[in-house]
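Readers should treat all values here as calculations from the given coordinates under stated rules, not as data from a laboratory. Because the structure is predicted, anything quoted here is derived from the model rather than measured. A quick note on method: Cβ atoms are made from the backbone with ideal geometry, for glycine too, and the neighbour counts reach across all protein chains shown.
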Amino acid sequence: MTGIVGYGAFIPRNRITAEEIARQWGKDPNAIRRGLLLKEKSVPGLDEDTITISVAAGRSALERAGIDPQRVGALYIGSESHPYAVKPSGTVVIEALGIGPAVHVADFEFACKAGTEAMFVAFGLVESGRVEYAMGIGADTSQGAPNDALEFSASAGGAAYLFGDADVLVDVLETHSFTSDTPDFWRREGEFYPRHGGRFTGEPAYFRHVSSATRAILEKSGYKPSDFRYAVFHMPNGKFPLSVGKQLGFKREQMDVGWVVSTMGNTYSGSSPTGLAAILDVAEPDDLILITSFGSGAGSDSFVLRATDLLPERRERAPTVRSMLDGRRRYLTYGEYAKYREKIIVNH
Amino acid sequence: MRDVAIVATGMTPFGELWHSSLRDLFVEAAREVLDAVDHPLLDSIYVGNMSGGQFVGQEHLGPLMADHLGVAGVPATRVESACASGGAALRAGFFEVASGASDLVLVAGVEKMNDGADVTGVLATAADQEAEVYHGITFPGLYAMIARAHMEKHGTTEGDLATISVKNHRHGALNPKAQFRQEVSLEQVMTSSMVSEPLRLLHCSPVSDGAAAVLLCPLDRAREFTDKPVKIRGGGFATAPMALADRVDPSALDAVSLAAARAYRASGLGPSDIHVAEVHDCFAIAELCVLEALCFAQPGSAAELTRAGETTLGGRLPVNTSGGLKAKGHPVGATGVAQVIEIVEQLRGEAGARQVANAVIGLTQNMGGSGASSVVHIFERV
């Protein structure tokens, strides 16, 4: 059965707290903590971007798979912060990972869903027999405009998933996608920061797509919420995934492990994939896992996964998500953060 | 002038109605009215709307709405007085019927606010651009200053403001068409996010979509359409200085006092005759000021009246049984007409769990801007 043969995640070491951002703008940090359930978020260093995050996550995925990178026949990166508007991120990543040149590479974009989109396509190509191994990556150095609510969540990180047919760590039992023209959040060519439709991003966008995709995959797979040990939903903030999970019939203990947003922030295309990586870091054989992403515009991809006997030993080969979230961190002032995120623009 | 009655009502739920456009909202409410009376030929339509132009880029609402209701040809125009547009539309319809010029007049209010517009900025166009808005203030700030003035003069507290929100949410929880159908505690209100000191989030009415419509006809024809007509006993309309700074006492809403005096005179009734009232609580402080301007309470004593439960369902004079603007929602142009519908339901005995026992006389008070315009109507079960 086609499944995940290797996975890896990467979260930069820099952090900024909700308090520090709130202080800058005269906002109430308690309201952010209470309302959006956000404490701090990761921030990319000056030398970190979607490409470096993808390389780090991809390297861990290859480590866990233990395969020759030359056997990877396709690599896709989903991101809304590809460093170049024209010039692929994926070409740099394959060179760094020792993949190719006999490889199919593409950069994907679908707001926050591009990561699971890359995973979906990689999985499909392996399942069809077209390629032996394929990697799908979701990574972002997310943009949030100064003094926008997004600034409290937009963070950096990502996860990579290598799909194959042999020595599978996690079986992919079912997939489902739900997509419609719902323009809740967008960034035009040349604009620094995304714009969004405020509360329109909630009910008609996030909640409709996440719950529709999840309900459909539950029906297709014949599982009910209580069958799952873990579930992760896209995390634009702390509140939405817990709310939609509750509405769908999932309990907090099923969601806690993947709910990494309160200290990681929203890594956009990397959000639910990184949450999934945190789950794979602890899942036991035969655990059923649900992941549903969400990308504005809008769509959701759902996967029903099941851990195999091989997962526990293989995961030891690379760092866990929690080790990066809870390990060494460097806290930035808003001024440093503004510099790192290139929010200070010299106007010659 | 002829006596005028309301013979049918229609209203959308209020809330974030993402799937309904401005015209959809109007048609839904207006069609409910016409369905109730078997689609008679209308003589005229008034559409209360504050800012279709800025919220969704649509002006010229008279013909648009008549057309989409399927009655193109009928005279139809928009009436605007900021958040008092609905009340002002009712007044226009009332005079058209009372004068004998028309028999069947549809009065509607509609607003589509959740469609991407900068709502606070659009609403601020109802304040004085030169004296107020250019300096950066918007309505939460203006009402915060009214609240500060009221606190300064009368010793009103943040707790008094919170009591208003708690009461209106308690009522709104009983209203199937309300945007917020849940109660809130005093503590939740007092610890909600600060919007503009001393006004917190739960002191402020929400951004809403919705429409409401009523059918007016001469009282002597009312029984053709309904067994339970509600008579418009009288109305009053008044203006006050647009800018807060130009008012003698910023804690007093003079346009409301004046409109109320005119409505009491026109109806031959006084504040003590009112059994139930819907007032314009766009911010919690507004309800206190309005209760005083309507002479339901002496200046500075509306808070006491509220604390004593007199304005809660079951009290002596229930106010905002619909949930008010706070809990029912505030699609600005629709609000004035929605207030009328709540009173009509109360007087007809059709308000369900919100019913005020033996309500015969009811009042509505609708207000534009920071109180620069206000419309008051008094209704009677006949």
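Return a whole-number percent for the relative contact order of the range A:170-307, with Cα pairs under 8 Å and 6 or more residues apart as the contact set.
It comes to 38 percent, rounded to a whole number.
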Calculated [θ] (222 nm, deg cm²/dmol) that DSSP helices of n ≥ 4 give over chain A, each run adding -39,500 (n - 2.57): -9000 deg cm²/dmol
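Work out how much length A:Glu342 to A:Arg317 would gain on full extension: take 0.36 nm times their residue separation and subtract the Cα-Cα distance, in nm to one decimal. Please report the intermediate quantities before stating the final value.
On the way: separation 25, 0.36 × 25 = 9.00 nm, distance 3.46 nm.
Stretched fully, the A:Glu342-A:Arg317 segment lengthens by 5.5 nm.
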Can you give the charge dipole size of the protein assembly as shown about its Cα centre, rounded to the nearest 20 debye, using +1 on the beta carbon of Lys and Arg and -1 on the beta carbon of Asp and Glu? 1020
Rounded to a whole number, the mean other protein chain Cβ count within 10 angstrom for residues of A:21-30 is 1
Which lysines does A:Lys343 reach when only Cα atoms under 29 Å apart count, and residues fewer than 8 places away in its own chain are ignored? A:Lys27, A:Lys39, A:Lys41, A:Lys87, A:Lys113, A:Lys239
GNM result for chain B, Cα springs below 10 Å: residue of B:Glu342, B:Glu152, B:Glu111 fluctuating most strongly: B:Glu152
Hey, what's the Kirkwood Rh for chain A if you take every pair of different alpha carbons, in angstrom? 19.6
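Go ahead and estimate [θ] at 222 nm for chain B from helices alone: -39,500 (n - 2.57) per DSSP H run with n ≥ 4, summed, over the residue count, rounded to 500.
Details: 13 runs with 136 residues, N = 382.
The per-residue figure over chain B is -10500 deg cm²/dmol.
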Principal axis dimensions, the range A:170-307 - Cα atoms, whole angstrom, descending: 46, 30, 23
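Stretch A:Asp227-A:Asn147 to full length: gain in nm at 0.36 nm per residue minus the Cα-Cα span?
Numbers: separation 80, 0.36 × 80 = 28.80 nm, distance 4.16 nm.
That pair, A:Asp227 and A:Asn147, stretches by 24.6 nm at full extension.
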Averaged over A:188-200, number of beta-carbon atoms from partner chains that fall within 10 Å: 2
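Rounded to the nearest 5, what % of DSSP beta bridges with both residues in the protein assembly as shown are antiparallel? Each step should come with its number before you reach the end.
On the way: 77 of 110 bridges.
Bridges in the protein assembly as shown are about 70 percent antiparallel.
Applying a 10 Å radius around every beta-carbon, put B:60-66, A:256-262 in order of their mean neighbour count, most first. Display every interim value, and only then the final one.
Working: B:60-66: 20.9, A:256-262: 23.3.
Descending mean neighbour count gives A:256-262, B:60-66.
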Farthest toward the dipole's positive end in the range A:102-211, which of A:Cys112, A:Gly202, A:Met135, given Cβ charges of +1 (Lys, Arg) and -1 (Asp, Glu) about the Cα centre? A:Gly202
Cα convex hull of the range B:120-212: mean projected area in nm², to one decimal? 7.1
GNM on chain B, Cα springs under 10 Å; top mean-square fluctuation among B:Ala359, B:Ala178, B:Ala30 goes to B:Ala359
Work out the length of the dipole vector of chain A about its Cα centre, built from +1 on the beta-carbon of each Lys and Arg and -1 on the beta-carbon of each Asp and Glu, and round it to the nearest 20 debye. 1080
Extreme residue, positive dipole direction of the protein assembly as shown, given options A:Ala31, B:Met1, B:Leu215 (C-beta unit charges): A:Ala31
For chain B, take the alpha-carbon Rg, divide it by the Kirkwood Rh, and send me Rg/Rh. 0.94
P(r) of the range A:11-150 in 5 Å steps, Cα pairs, percent per bin? 2, 10, 17, 19, 16, 12, 9, 7, 5, 3, 1, 0
Please name which of A:Phe240, A:Phe228, A:Thr267 has its Cα lying farthest along the dipole of the range A:170-307 towards the positive end, using unit charges on Cβ (Lys, Arg +1; Asp, Glu -1) and the Cα centre as origin. A:Phe240
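If you count, for each residue, the other Cβ atoms within 10 Å and average over each peptide, how do B:119-128, B:282-291, A:46-55, A:185-194 line up from highest to lowest? Mind showing how you got there, number by number?
Details: B:119-128: 18.5, B:282-291: 28.4, A:46-55: 22.2, A:185-194: 13.0.
Ranked by mean Cβ neighbours within 10 Å, highest first: B:282-291, A:46-55, B:119-128, A:185-194.
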Over chain B, with a Gaussian network built from C-alpha contacts below 10 Å, which listed residue (B:Phe139, B:Phe225, B:Phe237) shows the highest mean-square fluctuation? B:Phe225
Among A:18-30, B:301-313, how do they line up by average Cβ neighbours within 10 Å per residue, starting with the highest? B:301-313, A:18-30
Considering Cα pairs under 8 angstrom that are at least six residues apart, work out the relative contact order of the range B:1-143 and quote it in whole percent. 28
Pop out the Kirkwood hydrodynamic radius of the range A:234-348 from its pairwise C-alpha distances, inverse of mean 1/r, in Å to one decimal. 16.1
Whole-Hz ³J(HN,Hα) from phi, Karplus 6.51 cos²θ - 1.76 cosθ + 1.60, for the range B:298-312, glycine and proline x: 5, x, x, 10, 5, 5, 4, 4, 5, 4, 6, x, 5, 9, 8
Largest-first principal axis extents of the Cα set of the protein assembly as shown (Å): 93, 54, 50
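What fraction of the Cα pairs in the range A:89-214, stated in percent, has a spacing above 17 angstrom?
Working: 5234 of 7875 pairs.
Here the tail beyond 17 Å accounts for 66 percent of pairs.
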Dipole moment magnitude, nearest 20 debye, the range A:170-307 about Cα centre, only Lys, Arg, Asp, Glu C-beta charged: 500
